[in-house]
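Step one of this worksheet: look at the structure below.
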There are 2 protein chains.
Amino acid sequence: MISRHRSIQLNRQDARTIAAFQASLRRDESGPLDWWQACRERIDLREPEVQAWEYLATSTPEPPSLVGGHSLCGVPVGLKDIIETRDMPTSWGTRGYLKTPGSLVDAALVALLDQQGALIMGKTVSTEMAFFTPGKTRNPHDLTHTPGGSSSGSAAAVADRMVPLAFGTQTAGSIIRPASYCGVFGFKPTFDLISLAGVKSFSPSLDTLGWFANHIEDISTTFTALTQARDIPVLEGLSGVRVGLRNLPGDVPPGSDTEQALVHAAECLEQAGAKVFPLPLDRRYDTLVEHQKIVMAYEAARTLASEYQMCGHSMGEKLIAQIEQGRATPYASYINSRQVTEELKQAITTVFAEDVDLILAASSMGAAPAGLDATGDPLYCRGWTLLGLPCLNLPLYHNGQGLPVGVQLVADRFQDERLLSIARGLMENV
Amino acid sequence: MISRHRSIQLNRQDARTIAAFQASLRRDESGPLDWWQACRERIDLREPEVQAWEYLATSTPEPPSLVGGHSLCGVPVGLKDIIETRDMPTSWGTRGYLKTPGSLVDAALVALLDQQGALIMGKTVSTEMAFFTPGKTRNPHDLTHTPGGSSSGSAAAVADRMVPLAFGTQTAGSIIRPASYCGVFGFKPTFDLISLAGVKSFSPSLDTLGWFANHIEDISTTFTALTQARDIPVLEGLSGVRVGLRNLPGDVPPGSDTEQALVHAAECLEQAGAKVFPLPLDRRYDTLVEHQKIVMAYEAARTLASEYQMCGHSMGEKLIAQIEQGRATPYASYINSRQVTEELKQAITTVFAEDVDLILAASSMGAAPAGLDATGDPLYCRGWTLLGLPCLNLPLYHNGQGLPVGVQLVADRFQDERLLSIARGLMENV
C-alpha cells in the first residue's frame with residue numbers, strides 16, 4: 001500500500017491555478033505547452049498505479065493561440081469516457097463492447113473548451129455507461145480503495161495532479177461522491193445549464209455535466225469559460241450568509257467521518273462569518289431518494305434501449321438489473337415521482353428565497369470504502385440531483401487514516417454564481 | 001397546382017387505425033408486411049411531388065413477429081432526419097455537409113419502436129439542424145405551399161398517407177405548426193418524457209420528441225407503446241371538462257383563418273359537452289415568446305458549438321445568425337429567462353389545478369403560407385414549448401382555399417394521458 005503522503009506529493013508547479021498560469025503566459029514566464037508537458041510527466045510517473053485514463057493523447061497538441069484572452073489557454077483537461085471526441089476513441093466504460101475510434105462530431109463541451117484554448121489530454125475512466133460497474137481506477141490517496149464513481153478517472157486524475165481540470169457527469173452522485181473520496185473540488189452545476197450534446201445519456205432528467213479541480217478558483221474560472229458568465233467575485237467575508245445544515249435523506253445517519261467533516265465545515269463557515277444552523281425540511285424531502293431511483297431506472301431503460309438491444313449480452317449485471325428494473329417500473333409510478341419532484345423543486349425555491357443562502361450536506365457516507373469492486377453509495381447525492389440543484393464538494397477534511405471526506409454546499413437552481421462566490425470567500429479563510 | 005382533393009385521395013386502406021390493423025393481423029386478414037407494401041406504393045406514386053423523404057429503406061424488412069402483443073406490429077414509420085439510425089444514413093437536414101451512412105447506435109426511439117414491431121420506412125426531411133432553412137418538402141394540400149417546419153417531411157408524409165405515423169421534434173413550433181399546415185394530428189408530449197438519446201440537440205431545455213398521425217387513436221396508441229402507460233380511454237362525453245381559450249402570446253391577433261379555426265374548435269368542444277371560456281392569463285405569459293427566443297439562441301450556440309466549428313462555412317445564413325445571436329446573449333439574460341420560465345411553470349400548474357382542464361390555443365398564424373423558401377412562423381407555439389406543456393394539434397378546419405388550419409389543446413405537464421383522453425372523447429363527437 002502506498003501512503004497518502006507519498007502518493008500525492010505536491011510541487012510548486014502542481015499548486016498553480018489556471019488564472020496564475022494564464023498570467024505567467026502573458027508575462028512570457030511559461031510557454032503554452034509547459035503545463036501539458038508537466039502533466040504528461042506526472043501521468044507517466046503515476047498512471048501505472050492510479051489508472052485514471054482510458055485513453056491518452058498520442059501526440060503533443062499544437063500550441064494554443066495566446067491571442068484573444070482565452071481563459072483556459074494551455075490548460076490540460078481530462079474528459080470522462082462518455083464524452084465523445086472526433087480524434088480520440090470513446091468506449092463509454094464498456095471495456096470495448098461498444099467503442100468508436102472517433103465520433104462524427106465532438107461533444108459540444110469539447111468545442112467550447114477548444115475555443116478557450118484548453119488541451120484535451122485524453123479520456124478518463126468511467127464506470128460502465130456511467131452506472132455502477134467499476135473501471136480500473138484506484139483512489140490515489142490509497143490505491144486499495146475505490147475512487148468512487150462513475151466519474152472515477154476524472155476525480156482521481158485531478159486528485160493525483162495528472163491534470164488540473166477534468167470533466168464528469170452526475171446522474172445520482174457521480175461527481176460529488178468521487179470528489180469527496182478523492183479530496184478535490186467537484187462541481188455539479190444547475191441541471192441543464194451545460195450542454196450534454198455528445199455525452200451519453202443515462203437518465204435525461206438527471207444527467208448533469210460538471211467538473212473537478214484542486215482549486216475553487218479553477219472551478220469558477222471554468223464556469224465562466226463555459227457559460228460566458230461574468231467573472232465570479234470572491235465574497236469578502238461571509239457575514240450575513242445563512243447556511244442550513246441538512247442531509248438528504250435526513251433519516252439515515254452518516255458515519256462518524258462524515259459527521260466530523262460536517263462539523264469541521266460548519267466551523268470553517270462560521271469562522272468566515274457565516275451563520276450555520278440546522279435546517280428543518282419536512283419528511284417529504286427524504287422520499288426524494290426513492291423517487292430518484294424510480295426516475296433513474298425508468299429513464300435508463302428507455303434511454304439505453306438501443307444499447308441494451310445491441311449489447312445486452314455483454315453488459316455487467318448491475319447495469320442489466322437497472323435496465324430491467326426500469327422496464328418493470330409502471331409509467332404511473334414514474335409520473336408520480338416526477339410530479340413530487342416538481343412540487344419539491346418549487347418548495348425548495350421558497351426555502352432558498354426565505355430561509356437560507358446555501359445548504360451544507362454530507363457528500364458521501366464516509367471516506368472511500370476499501371476495495372475496487374464497487375464505487376460506494378451515492379445515497380446523499382440522489383435527492384439534490386433530482387431537484388436539479390447546483391452542488392459543490394468541498395475537500396476540507398481528512399479522517400484518521402488520512403483519507404479525504406468531503407461535504408457539499410448546495411444552492412437553488414440558477415444560483416451557481418452565488419454558490420461559487422460564497423465558496424471562494426470561504427476558501428480564502430480556510 | 002394540384003388540387004387538395006386530387007392530392008390527398010383516401011381509400012379504405014388509408015383510413016385504418018393502428019389498432020384496426022393489429023386486429024386484422026390477429027384475425028389473419030392482413031399480413032404483417034401489408035401496410036408496408038401499401039405505403040411503398042403510395043410513396044412511389046406521390047414522393048416525386050411531395051418530396052417528404054430524405055432517405056427510403058432500400059429493402060423490405062423482415063416480417064415482425066406476431067407473438068407478444070406488440071402494439072405497433074407492422075406499422076410503417078417515418079423518422080425525422082435528425083433521429084439517428086444504424087442502418088440508414090442521417091444528415092440532420094444539412095444536405096450533406098454533415099452526414100453519416102449509419103450511426104454506431106440507434107436512437108433510443110428506434111429500439112423502442114422495434115420492440116413494438118414497428119417498421120422504419122426511412123428518414124423524413126428536416127430543415128437544417130431542425131432550424132429554419134427549409135428542405136425540399138411541399139405541402140401535400142397544395143404543392144406550392146410550405147408544409148411548415150422543422151419536422152416538414154414527417155408532417156407531409158403522414159398527411160399524404162405515405163405512412164400512418166412519423167416522428168419529429170419541437171424546439172419552438174416544429175411539430176404543432178407543420179401539423180396545423182398539413183392537417184394532421186401532431187403531438188408534443190410533456191418536455192423530457194420521451195428520451196431524445198440519439199436525436200440531435202438544438203436547445204436542450206426545449207427539444208421535445210413527438211409524432212404525427214391521421215387518427216387521434218394512433219397518437220394515443222403510440223404514447224402507450226413508448227411509455228408503457230395504460231391504454232388511454234376515450235372520455236365519454238366532455239361534460240365537466242373546462243377549456244380555457246388563450247393564445248400565447250395573447251397580444252398578437254391571429255389571422256382570420258385561425259380565428260375561424262378556434263371558433264370551430266370551441267363549437268366542437270361545446271357540442272361534445274365541454275365548457276369553453278376565455279382564460280385570463282396575465283401579461284407575464286406574453287413575455288414567454290421573447291424568453292423562448294433567448295433560451296433557444298443561447299443554448300443553440302453552445303449545443304451546436306462543435307458543428308459550427310466544423311461546418312460553419314457550409315451552414316445556411318439563418319442558422320449562422322441564430323448561433324451568433326446566441327453567442328452574443330449574456331449569461332445573465334439567459335438565466336433571467338430560465339427563472340421567469342420556472343415561475344410561470346409553477347403559476348400555470350396552479351391555473352390547471354384550479355381553473356381549467358385544458359387550454360385551447362392557436363397552432364399557427366393561419367394556413368400554410370405560399371412558397372417553399374420559408375416554413376412559417378412558430379410564434380403561437382414558443383410559449384407553450386418553453387413551459388414544457390404537452391400540446392396536441394387538432395386538424396378540424398379547412399379555410400376557403402381548402403387548406404387546413406389547426407388549433408392546439410394544451411395541458412399541464414405530466415397530464416398527457418388526460419389530454420389524449422379528452423381529445424379522443426372530442427373526436428368521437430366531431
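The values are calculated or read from the model by the stated rules, or taken from the named source; none is laboratory data. If you're wondering where the values come from, they're calculated on a predicted model, not measured in any experiment. Here Cβ is always computed from backbone atoms with ideal geometry, including for glycine, and neighbour counts include all displayed protein chains. Surface accessibility is based on the protein's heavy atoms, side chains included, excluding ligands, DNA and RNA. Shrake-Rupley method; radii C 1.70, N 1.55, O 1.52, S 1.80 Å.
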Might you report the magnitude of the Cβ-based charge dipole of the protein assembly as shown about its Cα centre, with Lys and Arg at +1 and Asp and Glu at -1, to the nearest 20 debye? 540 debye
In nm, give the distance between the simple-model label positions of B:Tyr97 and B:Ser333, each being 7 Å from the Cα along the Cα-to-Cβ direction. 2.4 nm
Segment A:255-406 - accessible surface per residue (Å², probe 1.4 Å): 36 Å²
On a C-alpha basis, how far is the centre of segment B:358-406 from the centre of segment B:71-93 in Å? Whole number, if you could? 24 Å
Can you give me the Rg/Rh ratio for the protein assembly as shown, using Cα atoms for both radii and the Kirkwood formula for Rh? 0.98
Can you list the residues of segment A:312-333 that have at least 40 square angstrom less accessible area with all protein chains present than in their chain by itself, probe 1.4 Å? A:Tyr331
Everything considered on the Cα gyration tensor (a ≥ b ≥ c; rounded for a/c under 1.5, else prolate if a/b is larger than b/c, else oblate), segment B:281-430 must be described as oblate
Additional length obtainable on full extension of the chain from A:Gln309 to A:Val252, 0.36 nm per residue less Cα span: 16.8 nm
Amide H to amide H under 5 Å from A:Tyr55: which residues, 5+ apart in sequence or cross-chain, H placed 1.01 Å off N in plane? A:Lys123
Rounded percent of accessible protein surface that carbon and sulfur make up, segment B:27-182, 1.4 Å probe: 48 percent
Whole-number percent relative contact order across chain A, with pairs defined as alpha carbons under 8 Å at least 6 apart: 19 percent
Label-to-label distance, nm, for residues given as A:Gln346 and A:Glu267 (7 Å Cα→Cβ offset): 4.3 nm
Work out from phi, with θ = phi - 60° and the Karplus expression 6.51 cos²θ - 1.76 cosθ + 1.60, the ³J(HN,Hα) of each residue of segment A:356-373, listed in order in whole Hz, and give x for Gly and Pro. 9, 8, 9, 10, 9, 8, 4, 8, 8, 7, x, 6, 4, x, 5, x, 10, 8
Would you please give the residues with an amide H less than 5 Å from that of B:Val163, counting only those at least 5 places away or on a separate chain, with H modeled from the backbone geometry? B:Val158
Chain B Cβ-axis minimum, rotational copy A, residue and distance in Å: B:Gln346, 3
Using Cα pairs under 8 angstrom and six or more residues apart, how large is the relative contact order of segment A:351-430, in percent? 33 percent
Residue (of A:Leu319, A:Trp211, A:Ala272) at the positive-pole extreme of segment A:189-324, dipole from beta-carbon charges: A:Leu319
Please report, for A:Pro233, the nm distances (one decimal) from its label point, 7 Å out from Cα along the beta-carbon direction, to the equivalent points in the remaining copies, shortest first. 6.1
Sorted peptide list for B:100-108, A:415-423, criterion being average Cβ within 10 angstrom, highest first: A:415-423, B:100-108
For segment B:219-320, the accessible surface attributable to carbon and sulfur atoms (probe 1.4 angstrom, ligands and nucleic acids excluded) amounts in percent to 53 percent
For a quick check: with amide H placed at 1.01 Å from N, whose amide H comes under 5 Å from B:Asp192's, ignoring anything fewer than 5 positions away on the same chain? B:Leu209
Can you give the calculated 222 nm mean residue ellipticity of chain B, where each DSSP H run of n ≥ 4 adds -39,500 (n - 2.57) and the sum is split over every residue, rounded to the nearest 500 deg cm²/dmol? -11500 deg cm²/dmol
re segment A:358-430: pairs of Cα atoms spaced beyond 17 Å account for a percent value of 50 percent
Using the membrane-span-like helix rule (whole DSSP H runs, Cα extent along the own axis of at least 15 Å, mean Kyte-Doolittle hydropathy at least 0.5), which helices of chain B qualify? B:216-227
Using the Cα centre of segment B:297-430 as origin and beta-carbon charges of +1 (Lys, Arg) and -1 (Asp, Glu), tell me which of B:Gln309, B:Ser337, B:Thr375 is placed farthest towards the positive end of the dipole. B:Gln309
For the interface of A with B, what's the total buried accessible surface in square angstrom, probe 1.4 angstrom, rounded to the nearest hundred? 4100 Å²
Any idea how far apart A:Asp355 and B:Lys275 come out in nm if each label point goes 7 Å out from Cα toward Cβ? 3.8 nm
Given a Förster radius of 35 Å and the C-beta distance between B:Lys136 and B:Gln37 as r, what FRET efficiency does 1/(1 + (r/R0)^6) yield to the nearest 0.05? 0.90
Checked segment B:44-196 against the a/c 1.5 cut and the a/b vs b/c comparison, axes a ≥ b ≥ c from its Cα gyration tensor; verdict rounded
Counting pairs of alpha carbon atoms under 8 Å apart in space and at least six apart in sequence, what relative contact order in percent does segment A:1-141 give? 29 percent
Accessible area drop of at least 50 Å² (1.4 Å probe, protein heavy atoms): which residues of segment A:343-392 qualify, relative to the chain alone? A:Gln346
In segment A:101-129, the residues losing 10 Å² or more of accessible area (1.4 Å probe, heavy atoms of protein chains only) relative to their chain alone are A:Leu104, A:Val105, A:Asp106, A:Ala108, A:Ala111, A:Leu112, A:Asp114, A:Gln115
Under 1.5 on a/c is rounded, so check that first for chain A, then, if it is not, pick prolate when a/b is larger than b/c and oblate when it is not; a ≥ b ≥ c are the square roots of the alpha carbon gyration tensor eigenvalues. rounded
Rolling a 1.4 angstrom probe over the protein chains, ignoring ligands and nucleic acids, what is the accessible area of A:Trp35 in square angstrom, nearest 10? 10 Å²
Over 18 Å apart: what share of the alpha carbon pairs of segment A:324-395 falls there, rounded to a whole percent? 57 percent
Under a 1.4 angstrom probe, counting protein chains only, how are A:Ser71, B:Ser203 ranked by accessible area, largest first? A:Ser71, B:Ser203
